[in-house]
Structure formats: structure tokens, C-alpha cells
1. How are the C-alpha pair distances of the chain spread across 10 Å bins, as whole percents from the shortest bin up?
2. Would you tally the net charge around ILE240, using a Cβ to Cβ cut-off of less than 13 Å, leaving ILE240 out, and scoring K and R as +1, D and E as -1?
3. Per the helix-only calculation at 222 nm, which mean residue ellipticity applies to the chain, given -39500 (n - 2.57) for every DSSP H run of n ≥ 4 and division by its residues, nearest 500 deg cm²/dmol?
4. Net charge near PHE185, counting Lys/Arg +1 and Asp/Glu -1 over other residues with Cβ under 11 Å of its Cβ?
5. Working from the alpha-carbon coordinates of the stretch 147-203, get Rg over Rh, Rh being the Kirkwood radius.
6. Consider a paramagnetic label point 7 Å from the Cα of ASP97 along Cα→Cβ; state which residues of the stretch 123-162 have an amide N under 18 Å from it.
7. Run through the stretch 187-239 and list the trypsin sites (Lys or Arg not before Pro) located in a DSSP loop whose Cβ has at most 16 other Cβ atoms within 10 Å.
8. Based on other C-beta atoms within 10 Å, arrange TYR159, TYR194 from fewest to most.
Amino acid sequence: MSSYNDFGQVYDVLTQNIDYKSIAIFIKNISNNMGVKGKIFLDVGCGTGSLCEEMFKLEYDVLGIELSESMLSCAMEKKYEKNLNILYLNQDMRYMDMYGTIDIISCTLDTVNHLENSEEVLKFFKKVELFLDPEGVFIFDINTIYKHQNILKDNIFTYDLDDVFCVWQNQLISQDIVKIILNIFTKKENNEYYRLYEEITEKAYSEEEIEGLLDLSGLKVVNKYDGHTLDNVQKKSERITYVIMKKGRFKNIE
């Protein structure tokens, strides 16, 4: 499984265009529409905690798990600076272990794509099924095969921001796997630049494969959307968001 190492130091700078507040409201609205009454929220692959913070503002009891110690360190630092009552845990999503059931589990921004094969995805989904409250909802998104083959593919992107310069290089090494190479230069007080280097692999999964793995895990698709909107999935959708419940719960709301 791919994980970010030193990337946590600059992650918030490079992702400042992501509207975490809107994503949090999206999750809250879907959860309310699904009849979820509990307020315990878990973000899997929480990164530096930006979504956790927005869910905390919406008055949820928030937990976040993250494999990268660098990312988690940044999340903890922000937590103490802002005096936020959020529980962060250093855990691998494939083997996550909670103290009880969770009302809302989220896994956003293509975290599932970091799982290297269907066996790893199945392990994760089974853990979700184990810890998801019978009345709860699981919301996750995933980059599509279309995005890998047409948007990421072998392209190079550059980001020139205040005190940070990033070269993002992609290599499409198979029809569904992209190798991402990040060269990041951060400016220090003496005007010298410090280089960070990361290699990440992302795998895209078809809708049929994802839904088959969910079914094997005892989970059921209630809905799926184009990104973090309520629009239907299209052939050229770059990100699909799935709304999932346990099979028993799904039958109860039919």
C-alpha cells in the first residue's frame, strides 16, 4: 500500500484548492438523508486532518486514522493549536481496529486507489462492515479508470506556490495503474530550497469490481455520484463517490 512519508510537511499547501467544508456538508447531508442519527464520524486516511476538522465544526464526534506518521504529525499539531477534541490514530486502513461501531465512515480523495489490489480492497471493506453501525453509512470516493488513462496517464503537472514548488510526474505503467513521482522544493528562511521526493502508486478499479467486492463484504451500494455532487456517474467521470450501507440496513429502507 502506498503511503506518504515526508509529504505531510507541504500537503496542506498543495491541496489548498480542496473545499473540505463542502465535502463535509456533502457527507452530512447524505447521512441525514439516509436516516443516520448517530454522531460518531471516522475518516479513513485522514491525512493532515482537514476533513476531520470540518466535521468537528458540524458537531460530530470525530476520529481519524492515518498510516503516514508525517501526515498524522501535522494533524496532531493542528489539533493542539486549535484545541480540537479529535482522536487521531496511526493505523493501516486494511487492519483498522475501533473501540466500537461507527455511525459514519468516510474515505475520500482517492485513498482507496492507494490499495494495491482487490485483495487489499476486500480487507478494507470487511473492516468497514465490521465496525459500521447497523444504522450507519459508509461514504467513499475513488479515481476512475477513465481518469488514469486520460487525465493522469503520462502527464506532468507543476505547482508554483508561495515557498513551495512541486513537479508531479505520472507514469501509466498499465491500463489501471499510475506511478506518481513528486519532486517538491520548499523554501527555507535563508532562501535556500529543501527537496522532498515521494513515489506513490495508484490503482484504478472498475465499478463492477468495486461493487463485487462490496457485495462480498456484506455491504450494498445505495447510490453513487459523479464526484462530490449529486450528479449521475458519466463515462467520463473522473471520480465516483459511493454511498454504502450494510445489506440488512439497505433492505430495511427499501
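Laboratory data are not the source of any read-out in this text; all were calculated from the coordinates shown. What you are looking at is a predicted structure, and each value in this text was computed from that prediction instead of being measured. Note that we place each Cβ from the backbone using ideal geometry, even for glycine, and neighbour counts take in every protein chain shown.
1. 7, 30, 38, 20, 5, 1, 0
2. -4
3. Mean residue ellipticity, 222 nm, calculated: -8000 deg cm²/dmol.
4. Overall, the nearby charge balance is 0.
5. Value, to two decimals: 1.10.
6. Under 18 Å, as judged by backbone N against the label point of ASP97, lie 123-132 of the stretch 123-162.
7. When the trypsin sites (Lys or Arg not before Pro) of the stretch 187-239 are filtered for loop state and at most 16 Cβ neighbours within 10 Å, LYS188, LYS235, LYS236 remain.
8. So the residues, fewest neighbours to most, are TYR194, TYR159.
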